[in-house]
Amino acid sequence: MTFDRPASAPQDLPTGAPVNMSRRRFLIGTTTATAGALVLGFGIPTKARAQAANMAPGTRVPAFLEIRPDNTVRFLSPFVEGGQGIYTAMAQIVGEELDADPSSFVVESAPAGTDYLVVGGSMRITGGSMSVRTSYDTMRKLGALARAMLLEAAAARLDVPVSELTTEPGHVVHAASGRTVTYGEIADAALDLEVPDPESITLKDPADFRWIRQPVERLDVYEKSTGKAVYSIDTKVDGMVHAAVQHAPRLGLTVGSIVNEAEVAAMPGVISIHTLPGAVAVVSERWWTARRAVESLNVEWNEPGADADPTARYMPADFSTAAFAERLANETGEGMDAENEGDVAAAFAEAETTLEATYHSQYVNHGQLEPPSTTARFNEDGSLDVWMPNQAPEQFQGAIARMTGLEASQINIHSPMLGGFFGRHFLYPHANPYPQAIQLAKETGRPVKLIWSREEEFLRDPLRPMAAVRFKGALDSTGMPVALEAISATEGPTEGIWGRNPESVDGTAVEGLSGKSYGIPNHRIAQVYVENPTMLAYWRSVGNSMNDFLYESFLDELGDTGGQDPFEMRMKLLEGNTRLQTLLQSVADLSGGWKRGPFEAEDGTMRARGIAMASPFGSHTAAIAEVSIDRGEVKVHDIWQAIDPGSIVNPAIIEAQVNSAVALGLSQVLLEESVYENGMPKARNFDMYPILSPDRMPRVHVKIVESGAPMGGIGEPGLPAVPPAVANAVSTLTGQRIRSMPLSKYTFES
Amino acid sequence: MQLTINNETYDIDADGETPLLWVIRDNLGMTGTKYGCGVAQCGACSVLVDGVVTRSCVTPIEVVEGSQITTIEAIESDPVGKRVVEKWVEHQVPQCGYCQSGQVMAATSLLKETAKPTEEDIEYAMLNLCRCGTYNFISAAIHDLAGGEGDAQ
Ligand code: FES
Ligand code: FES
């Protein structure tokens with residue numbers, strides 16, 4: 001036991017019972033089971049189990065749903081909740097076809113397992129803004145299958161043919177006799193039935209939707225407003241000890257010797273000191289004690305020797321982002337084509353006016369507010385439980401199996417609520433705490449909770465890539481763009497994490513330069529690969545997070561050279577594309593009609609507006625920003641954004657997600673840059689790495705346009721159009737071209 | 001050392017310099033109060049000390065001995081805190097939720113001190129960071145609370 005008792009009025013404090021597994025009433029009666037067993041014991045009835053072997057992911061109803069006698073629906077979500085509202089969206093989609101009110105759902109993250117590989121029937125991650133759009137049909141079908149099983153059970157109970165039964169939310173109705181049964185009364189019998197053939201199921205007519213497309217309230221808001229939501233960092237298990245680490249100041253260094261080990265070992269509360277790959281750790285009964293001790297360790301770090309892992313990255317002592325930016329800008333290669341249409345060379349040769357400019361993007365940190373942590377516990381039966389923030393349970397399970405030699409089936413991955421993610425919690429080499437926590441649990445023989453301090457997180461957080469893009473544009477005699485070339489010197493996150501395929505361009509390096517819908521007849525988008533010494537990562541909206549800034553800002557620059565209005569030019573470039581012209585018009589209308597400025601606002605400040613578009617993750621967006629300069633700094637007053645995700649599930653969540661993406665986009669363009677000098681990040685906390693604060697948040701106006709096109713993503717698409725809209729507004733207002741972020745590096749006159 | 005937290009007195013076995021945050025989270029097992037930065041930058045660790053919002057990550061326990069400490073776990077026992085929570089739910093403020101214990105604490109502290117805060121009061125008091133960008137939703141909830149939905153008590 002690691003808890004102090006109250007001096008007066010003793011009360012029961014948490015004991016390390018499986019608090020992470022559920023937070024709501026109906027599990028209270030089942031807490032004699034271990035945390036892992038709660039999931040495993042998730043009613044797998046006989047017939048369904050016999051069926052399980054050959055069932056497609058997302059169809060084995062009892063793996064997902066449990067309906068309690070009180071009609072509460074417990075649902076295991078294939079996707080992890082981190083603020084994007086996925087638990088609620090899943091409840092809406094499943095509830096719609098099940099005919100159960102989403103508010104009666106209690107949702108938790110599913111464990112690792114093939115049943116949950118509902119993205120294309122073969123994998124799942126919580127990322128790429130793909131959860132709803134890739135699983136929408138499967139999840140509707142799952143709800144419908146469950147409803148069919150309930151109907152069958154009700155028919156048996158009431159002794160009437162299934163054809164005479166209908167449902168109302170939460171119960172089955174036999175209209176002829178006026179009898180009803182609640183789902184809860186027949187759920188046990190229903191979930192014991194064989195799951196019907198998914199092909200035999202007819203889904204609802206969307207015209208009859210009760211909850212999909214409605215602003216259904218999110219399920220976790222009360223818990224999150226009262227501190228009751230449980231994140232990885234809050235994990236408690238019996239007998240747990242705490243650990244803190246000190247990482248090598250540069251990636252690739254190894255522990256040489258710990259100079260003052262004996263002295264630190266004698267500090268009160270220190271249980272043990274450990275040497276890990278590229279780090280040292282202290283284990284204690286208290287995290288604060290562990291942290292103080294580990295930071296007192298005086299470690300001599302070694303440069304990597306002959307035995308160094310050749311796949312691991314090494315950060316040289318002379319690396320600086322300033323020099324690296326220069327190097328990227330000086331890459332002269334033509335690169336490998338991502339897109340090449342028309343005759344770019346001929347178009348440039350013929351053009352009257354051409355323009356060249358080099359644009360830059362910067363490294364940025366994730367800065368999710370919950371620092372990474374992992375709790376690891378080896379069980380008596382040889383199995384291992386791991387609680388950690390993660391966006392991909394099976395990937396972590398596989399990596400842990402390789403690391404420990406355990407079978408995947410012996411590794412229970414728990415995926416608690418994420419305190420923000422933005423791409424931070426994928427499987428990244430050297431950037432997740434789980435290998436350290438597992439090693440420490442092994443070495444101490446006790447469950448270990450390891451938390452990375454914010455400073456250690458800034459040291460190992462993998463970064464959104466830097467790029468230098470050489471743009472070239474050509475204008476026709478009317479001043480309209482006819483050719484555009486963009487050669488990006490960069491390394492994409494995907495090739496950075498998983499290894500490079502020298503035969504092809506990393507799509508995540510160039511997306512946002514590529515995939516544009518503008519009718520520029522001759523265009524070439526290419527990548528020059530330049531390896532980074534840093535670890536790279538996905539960051540909200542991935543390549544689009546930087547590339548739309550780069551492209552859309554250069555497009556404005558090109559337009560200015562040709563005397564084009566940015567809005568009119570885009571309209572013309574989208575001729576024949578009704579969907580995007582409608583979207584562009586929508587954002588203009590939302591803002592009260594396009595006006596570029598500079599103009600004088602009512603408060604006497606001079607302001608201007610900028611516009612930009614993006615097409616990330618199957619959705620399309622258009623944004624307008626209004627800015628002024630206040631005491632030398634850019635102030636953003638309003639962001640108007642129109643988003644067309646094709647079709648929608650929850651408009652309130654979309655509005656919240658667009659607000660959130662706007663905030664992160666603004667944070668990037670106004671403030672953020674991870675600067676390295678001497679191989680080390682200058683910022684180790686938010687004091688040196690400012691993120692958007694409340695006083696910088698503009699008003700955000702959102703317009704959802706449902707074109708009816710195939711469903712696109714929501715979590716990320718609201719970001720990419722924001723930085724260029726702001727940059728373009730600033731260029732208009734100040735006459736100064738913005739070719740890099742963040743704007744805090746520029747000097748403006750008020 | 002003894003600390004009074006949520007009207008409960010606890011004997012604490014920890015060094016006087018230990019930050020209140022870690023005593024609340026680890027010694028007492030109350031994890032509603034969050035660790036975000038540890039250096040008074042983010043506000044995730046906000047608690048009330050004698051009714052005033054305080055960043056517990058930089059508050060040594062020895063300086064709050066004898067004070068009344070309130071954490072998010074007891075926020076609904078406070079009439080102002082209860083109204084704040086209600087409005088947080090009504091305006092669907094949280095996203096990931098990680099900063100929201102601190103946001104609710106900051107709002108409660110503000111409204112306990114000033115039932116009808118001005119725009120400036122709000123800007124001055126609501127400084128906590130939110131990486132999910134819920135600022136406009138926080139602002140809507142606060143303005144709702146400040147604007148005649150019943151006085152703070
Ligand atoms: S954790 Fe205390 S202010 Fe950030
Ligand atoms: S809601 Fe995620 S940090 Fe504020």
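Before moving on, here are some points about what is shown:
- A:ALA431 being within 22 Å of A:TYR359 (Cα to Cα) and at pLDDT 95 or above: no
- Of all residues in segment A:497-554, those satisfying the criterion of being within 25 Å of A:ALA323 (Cβ to Cβ) and of a type in the set (Phe, Trp, Tyr) are A:TYR529, A:TRP539, A:PHE549, A:PHE554.
This table checks each residue for (1) facing chain A (nearest Cβ under 9 Å); (2) surrounded by fewer than 24 Cβ atoms within 10 Å (Cβ to Cβ); (3) touching a strand residue (DSSP E or B) at 6+ places or on another chain (Cβ under 6 Å).
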position	(1), (2), (3)
B:MET30	yes, yes, no
B:GLY36	yes, no, no
B:VAL39	yes, yes, no
B:ASP50	no, yes, yes
B:ILE72	yes, no, no
B:LYS82	no, yes, no
B:VAL93	yes, no, no
B:GLN100	yes, no, no
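- Among (1) more than 16 Å from ligand 1 (Cβ to nearest atom); (2) within 18 Å of the chain's Cα centre (by Cα); (3) within 28 Å of A:MET741 (Cα to Cα); (4) at pLDDT 95 or above, the one test that A:PRO389 misses: (3)
- Failed item, numbered, when A:THR561 is tested on (1) closer than 21 Å to A:HIS701 by Cβ; (2) surrounded by fewer than 18 Cβ atoms within 10 Å (Cβ to Cβ): (1)
- Flag if B:LEU48 is farther than 21 Å from A:GLU370 by Cβ and either within 12 Å of ligand 1 (Cβ to nearest atom) or under 14 Å from the mean Cα position of the chain (by Cα) (or both): yes
Yes/no per residue for (1) within 20 Å of A:GLN362 (Cβ to Cβ); (2) assigned to a helix (DSSP H, G or I):
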| position | (1), (2) |
| --- | --- |
| A:SER667 | yes, yes |
| A:GLU673 | yes, no |
| A:HIS701 | no, no |
| A:SER707 | no, no |
| A:ASN728 | yes, yes |
| A:PHE748 | yes, no |
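- Residues (in a loop (DSSP other than H, G, I, E, B) and within 16 Å of ligand 1 (Cβ to nearest atom)) located in segment A:441-463: A:TRP452, A:SER453
- 1 or more residues away from chain B (no Cβ under 11 Å) and of a type in the set (Ser, Thr, Tyr): qualifying helices (runs of 4 or more DSSP H) within segment A:205-322: A:287-296
- A search for C-beta distances below 7 Å between a residue of segment A:213-229 that is at positive phi and any residue that is of a type in the set (S, T, N, Q) and within 13 Å of ligand 2 (Cβ to nearest atom), counting only pairs 6+ apart in sequence or on different chains, returns A:GLY227/B:SER101.
- Single condition B:ARG55 does not satisfy, out of (1) charged (D, E, K, R); (2) within 12 Å of another protein chain (Cβ to nearest Cβ); (3) within 15 Å of ligand 1 (Cβ to nearest atom): (2)
- Just one residue in the set A:HIS274, A:HIS247, A:HIS171, A:HIS242 is more than 19 Å from A:LEU440 (Cα to Cα) and touching a strand residue (DSSP E or B) at 6+ places or on another chain (Cβ under 6 Å); that residue is A:HIS171.
- Some residue of segment B:103-110 being within 9 Å of another protein chain (Cβ to nearest Cβ) and under 13 Å from B:SER46 (Cα atoms): yes
- Going through (1) more than 17 Å from A:GLY95 (Cβ to Cβ); (2) aliphatic (A, V, I, L, M); (3) crowded, with 18+ Cβ neighbours inside 10 Å one by one, A:VAL160 falls short only on (3).
- Of all residues in segment B:5-35 being under 13 Å from B:ALA74 (Cβ atoms) and touching a helix residue (DSSP H, G or I) at 6+ places or on another chain (Cβ under 6 Å), the one that is farthest from ligand 2 (Cβ to nearest atom): B:ASN6
- Taken over segment A:152-169, residues that are touching a residue at least 24 places away in the same chain (Cβ under 8 Å) and within 43 Å of the chain's Cα centre (by Cα) amount to 6.
- Restricting attention to segment A:344-368 and to residues that are in a loop (DSSP other than H, G, I, E, B) and within 14 Å of chain B (Cβ to nearest Cβ), the residue that is farthest from ligand 2 (Cβ to nearest atom) turns out to be A:ASN365.
The values are calculated or read from the model by the stated rules, or taken from the named source; none is laboratory data. Everything quoted here is computed from the prediction, not taken from an experiment. For neighbour counting, all protein chains shown are included, and Cβ atoms are generated from backbone atoms with ideal geometry for every residue, glycine included.
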